[in-house]
1. Could you list, in sequence order, the residues of region B:12-43 that are hydrophobic (A, V, I, L, M, F, W, C) and in contact with a strand residue (DSSP E or B) (Cβ under 6 Å, 6 or more places away or on another chain)?
2. Only one residue in B:21, B:25 is in contact with a helix residue (DSSP H, G or I) (Cβ under 7 Å, 6 or more places away or on another chain) and among the β-branched types (Val, Ile, Thr), so which one is that?
3. Give me a count of the residues in region B:56-71 that are surrounded by 12 or more Cβ atoms within 10 Å (Cβ to Cβ) and either in the same structural domain as residue B:35 (by TED's automatic domain parsing) or among the polar types (S, T, N, Q) (or both).
4. Among the numbered criteria (1) outside the structural domain of residue B:104 (by TED's automatic domain parsing); (2) modelled with pLDDT of 95 or more, which single criterion is violated by residue B:83?
5. Please determine, by comparing only the residues of region B:6-36 that are aromatic (Phe, Trp, Tyr) and in a helix (DSSP H, G or I), which one is nearest to the chain's Cα centre (by Cα).
6. From the list B:50, B:37, B:74, exactly one residue is out of contact with any Lys or Arg (no Cβ under 7 Å at 6 or more places or on another chain) and either more than 10 Å from chain A (Cβ to nearest Cβ) or exposed (fewer than 14 other Cβ atoms within 10 Å of the Cβ) (or both). Which is it?
7. Which of the residues belonging to region B:4-26 are hydrophobic (A, V, I, L, M, F, W, C) and within 7 Å of chain A (Cβ to nearest Cβ)?
8. Tally the residues that are among the hydrophobic types (A, V, I, L, M, F, W, C) and assigned to a loop (DSSP other than H, G, I, E, B), restricting the search to region B:37-89.
Amino acid sequence: MAQEEQVGCARPTGGLVGETAPEEPMSDTIKPVKEKTMLTVGQKVPDFSAPGYHKGAFVNVTLSEYLGKWVVLCFYPGDFTFV
Amino acid sequence: MSIDSMFVHKMWDDDELSKMVDGGVPFPMLSDAGGNVGKAYGVFDEAAGVETRGRFLIDPDGILQGFEVLTPPVGRNVSETIRQIQAFQLIRETKGGEATPSGWRPGKKTLKPGIDLVGKVWQEWKTDMAFD
């Protein structure tokens, strides 16, 4: 599933699959309004790719690699937290 | 998935989590530094710069079947997550021919939605069945 990744000094991070770089705002006065929205049940979830750690290796995981399986995706505030 | 780097994930697994779970965490611990994925899923707390406790159930077609989001101090109930997956799997197997009423867990009675059930749920399902 997950591909092993070469490790450099930079800290790679995750991102959405197929998303283009954000456009520059057209002017100082007109700024694109980005509404914060929650996902809707019954709809497709956004695909993403993210680096990670899995059983002794650094890996890169793309959500769509798990099509055909049930996935539990958990977010949490931070490593070494207490809950 | 959190905003921590994969290097911190490794240290947490090596130093602490492997002492709770034999062999360490069995699934990938992903990094979302910057919160791009968390923002797309609606769980990134911009003010604190961290993800909240969001949990998403995604079916084999990539469809979101359920989610739960908690503020950081309260932990999740893993048994409830597993119960929900079992219920969604049963629905999928029966292609919607059965439905799981409140309090359902494996072994408990399901309902068969249809015209015969209209107004008759009270005969099939009692309120004490909502509880374990």
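The values are calculated or read from the model by the stated rules, or taken from the named source; none is laboratory data. No experiment lies behind these values; they were computed from the predicted model shown. A quick note on method: Cβ atoms are made from the backbone with ideal geometry, for glycine too, and the neighbour counts reach across all protein chains shown.
1. B:29, B:30, B:37, B:40, B:43
2. One residue alone meets the criteria, B:25.
3. 1
4. Just one mismatch for residue B:83, condition (1).
5. Of all residues in region B:6-36, those aromatic (Phe, Trp, Tyr) come to B:7, B:12, B:27.
Among the residues that remain, those that are also in a helix (DSSP H, G or I) are: B:7, B:12.
Details: B:7: 26, B:12: 23 Å.
If we take residues in region B:6-36 being aromatic (Phe, Trp, Tyr) and in a helix (DSSP H, G or I), then B:12 is nearest to the chain's Cα centre (by Cα).
6. Result of the check over B:50, B:37, B:74: B:74.
7. Passing the criteria: B:6, B:8, B:12.
8. Total satisfying the criteria: 4.
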